[in-house]
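Everything below concerns the one structure shown next.
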Amino acid sequence: MVSPTKRWLIAAATAVLAAVAGCSAPTAGSAPAAASADTADEAVGSSDGSGACGSESGFCITVDITGAATVQGTAQALNLGTCADFAKGEAPGGDLQLPGLLGDEIGGKKVSAYNEIREYAGPGTYEKDVIRSVAGVIDVSIDTTPYQLADETTAQA
Amino acid sequence: MINADGSGSFTFANLKEGEQGNPTTAKGMISGSYTWTCTD
């Protein structure tokens, strides 16, 4: 015959075991953790633009450069205003600073690209002649090597 | 291209390695793009 006290102890032990088993299910389901790891991997070396940027406000920049140097990946940049404000520009006929990369590490390389559109007149397409860095010409640097305009350069923003 | 939602792109072709690069090697060229999305 099992006493009421023993029955209570057995019930308690069973409840504890059930709770432990219940806890182990999500642990075994470490699929969410694995999914997070995948996301983190994408943030480091993504070439599809989905990795480094979260849901924070700002710009998510996807870089795809080939030739003498190859860079593919994403980086995040601040936007001090709203997206609509950025697209509108600061003032009619003023300059629009494109989302900048300032030595951001992308795909294992440090990339700088800080260019602006001169005489920006609102959303649209702009040609090479009005795209310049503060130095006066288009500038993209990879691992401290600058790449600049040549006669055969084409560019558009 | 700059879009009204703040997204855009900057594409370029044949940017040449500048003089601050290694002067003893042939100058390389790069082509590519950076595109961006904007989130408020």
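With a 10 Å cut-off around each Cβ of A:74-86, the average count of Cβ atoms from other chains is 3. When only Cα pairs below 8 angstrom with a gap of at least 6 residues are kept, segment A:82-155 shows a relative contact order of 26 percent.
Taking other Cβ atoms within 10 Å as a rough exposure proxy, B:Asp5, A:Asp151 sort from fewest to most as A:Asp151, B:Asp5.
Would you mind counting up the charge near A:Asp143? Only other residues with Cβ under 11 Å from its Cβ, with Lys and Arg at +1 and Asp and Glu at -1. Result for the neighbourhood of A:Asp143: +1. In this structure the amide hydrogen of A:Val140, modeled in the peptide plane, comes within under 5 Å of the amide hydrogens of A:Tyr147, none closer than 5 places in sequence on its chain.
Ranked by the mean number of other Cβ atoms within 10 Å of their residues, highest first, the peptides A:64-77, A:110-123 come out as A:64-77, A:110-123.
Between B:Asn14 and A:Leu102, the distance separating the two model label sites (each 7 Å from Cα on the Cα→Cβ line) works out to 3.3 nm. Here the extension length gained between A:Asp85 and A:Val137 equals 16.2 nm, from 0.36 nm per residue of separation less the Cα-Cα distance. Across peptide A:133-146, the mean count of Cβ atoms from other chains lying within 10 Å of each residue's own Cβ comes to 3. Please give the net charge around A:Cys83, taking every other residue with its beta carbon less than 11 angstrom from that of A:Cys83, where Lys and Arg add +1 and Asp and Glu add -1. So the surrounding residues net to -2. Spin-label model, A:Asp95 to A:Thr154: label points 7 Å out along the Cα-to-beta-carbon direction sit 2.7 nm apart.
No value in this document is a laboratory result; all are computed from the given coordinates. As the structure is a prediction and not an experimental result, all values here were calculated from the model. As a convention, Cβ positions derive from the backbone with ideal geometry for all residues, glycine included, and neighbour counts pool all protein chains shown.
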